[in-house]
Amino acid sequence: MTDAPSVEQLAALINFSVDAVVLADIGGVIHWANPATTNVLGYAPEDLIGLRVGDLVEPQDLEAWTALSGELFDHPETTQTGVFRCRHRDGRICWTESVARNLLAEPTVAAIVVHYRDVSDRKATEETLRVTEDRYGHLFAAAADIIFETDAEGYFRFVNPETLRVFGHPSDEVIGRRFTEFIRADYRPTILQHYYKQTNEGVLNSYVEFPCVTRSGQEVWLGQNAWLVFDAKGHYTGMQAVARDITERRRAEEALRAAEAKYRGLVEQSLVGVYILQNDALVYVNPKGADILGYAQQELLDLPWAYALLHEQDRALVSDQLSRLNGEDHANVQLALRGVRKDGGLVQAEAFCSVTEFGGQPAILATVIDISDRVKLEGQLRQAQKMEAVGRLAGGIAHDFNNLLTAIRGNAELMSHRVKQDPAMAAEVDEILHAADRAASLTRQLLAFSRKQVLQPVALDINEIVASVSRMARRLIGTDVQLQQELAPSVSQVLADPAQIEQVLLNLIVNARDAMPNGGMITVQTATVRLEADSPEMSQAGLAPGQFVLLAVSDNGIGMDQATQARIFEPFFTTKETGRGTGLGLATVYGIIRQTGGAISVVSERGHGASFRVYLPAVAGVSS
């Protein structure tokens, strides 16, 4: 067992103490002091002998010292402490923390023992802190964010009211504690490493997110910006930080992740294309989006520039519109655009674009609908309406013109009888009659196009019509053009005017011959086919689905571009040079077929010939 310290050892401890110690009698008169009084109060021990303890206290704190002295005599068993201003011997004021004990009744001491510790630096720091709080308190008190400052060791030096509110602690339970004490235990090593690295590498500021635990045990997530503080000499003195309660955001993010997992399947199975564009590249595309463009999903994600998927004429407009999106006054935009498929084909599409986030960064969300079929149908409808309007106009003109021709021809015939004796005049009248005949033929073609010509339909065999017309057509097309027949052995009969169907076939053959100036092959085909409701011919002509007889005339001539095909059945439209053709051949074909209750379509490419396909309703139960 260790021996108890001797009296000499105890005396040495008092003499070498950094705290000033004095012994006073019952009246407060000092009769002994240790050497530390010289450093703390500026008085040598012998200079203090005979002074009263209260004489060392500044007048403004004398009342507090008197109260402390009273407590010493009222409760001698209790140590009394206080902080007082004392006058240093050099005249300056020093703050001391005094600890006093009444040991008058202790025979070995028989005195009042007072310890003095110089706390001037601490009080100066506290005063500086108070001044700082007074200066900036109105800024921090109402702040909605946590604002605090720590010393170089991470101990809180200052916190604003929001810090106390979030943590649920009073100020005295926060100041002087390490800020990492409030971080959830499993996160502390990570955060300590984060700030250790920031300090060592001299990174002026940083941002980090972490969970804290409040006094009530509740978990709060903070997003904290912190920057290093240096003194005038460049020495690191601590850290200041602004943190925000991001608990709700974290919950929202977690809910978003759950929702994403829940609804991702819906997006993946969506019947509309979904694309996410970021920095001009695709970062997400759903299966339908890939299918619209004919690519695999990964192929689209690997493309460095998403605008390459747009028609070159649409890129500038789309880029401009998307650049205007800002999530506020221009949050979304609806665009009509053309996409380029992997095979080079065009896709007509409608895109609804809005601002979103992907991977925490701004992005553009585009939902795209393939409207190619709708645009095609709308174009067919407009063409049909235009042809209908032109037909009504042509029919009206033809009727009025026919009435005029009747009068002209009648008068010309009467005149021809009167001028028989005058050969010159008779020849001129014959010219009038020939011109009237040609005009009447033109009128009949206009009436056929307008579907106002009187038809005499009978059940007929298309193969017989082809055989009959082909014999005459071979004399018309010349020796450098071959006419080939590919007739079905048995086709259904159709209800039509034979003369009109002959004219249709003859016009198509002549048109094919004119498309082959250097000769070629004309192929006439027949077949019995069934057209469904979704067939282009059905939507174009407004026919009911069912069984039809196909009459197709194809050539390997110069072909037509899309612009020409769009107008090919218009009256007086022709691609031939001036003086060749009236532009009514195909218009007449169109009118006859529509009046007969059928449909006609054309398939052609420039340099690859053309194929005109006529569909006539089959007579139910009759075939030949």
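A few comments on the model shown:
- Over 30 Å (Cα to Cα) - which of K197/K262; K123/K197; K123/K233; K262/K342 fall in this group: K197/K262; K123/K197; K262/K342
- Structural size metrics of segment 458-566, computed from C-alpha coordinates, are Rg and Dmax of 14.9, 42 Å.
- Kirkwood-type radius of the chain, with distances r between different C-alpha atoms, in Å: 36.3
- Dividing the summed -39500 (n - 2.57) terms of all DSSP H runs of n ≥ 4 by the residue count of the chain sets its mean residue ellipticity at 222 nm at -13000 deg cm²/dmol.
- Where both bridge residues fall in the chain, DSSP classifies roughly 95% of the beta bridges as antiparallel.
- Over segment 150-284, Cα pairs under 8 Å with separation of 6+ residues give a relative contact order of 18 percent.
- Multiplying the residue separation of M415 and R251 by 0.36 nm and removing their Cα-Cα distance gives an extension gain of 48.8 nm.
- Relative packing of peptides 499-506, 370-377 - highest average C-beta neighbours within 10 Å first: 499-506, 370-377
- Taking the average, over residues, of other Cβ atoms within 10 Å as the packing measure, peptides 262-270, 22-30 rank 22-30, 262-270 from highest down.
- Taking every alpha-carbon pair in segment 44-86 and binning the separations at 10 Å intervals from zero gives 26, 46, 27, 1 percent.
- In this structure the chain gives 56 Å² per residue of accessible area when probed at 1.4 Å with all protein chains present.
- Relative contact order [Cα under 8 Å, 6+ residues apart], segment 263-368, whole percent: 27
- Average Cα contact separation per residue, segment 1-133, under 8 Å, 6 or more apart, as relative contact order %: 22
- Protection proxy ranking of 247-254, 292-299 - average other beta-carbon atoms within 10 Å, highest first: 292-299, 247-254
The values are calculated or read from the model by the stated rules, or taken from the named source; none is laboratory data. Computed from a predicted model, the values in this text were never measured in an experiment. Cβ: placed from backbone, ideal geometry, glycine included. Neighbour counts: every protein chain shown. What goes into the accessible areas is simple: the full protein's heavy atoms, side chains included, and nothing from ligands, DNA or RNA. Shrake-Rupley method; radii C 1.70, N 1.55, O 1.52, S 1.80 Å.
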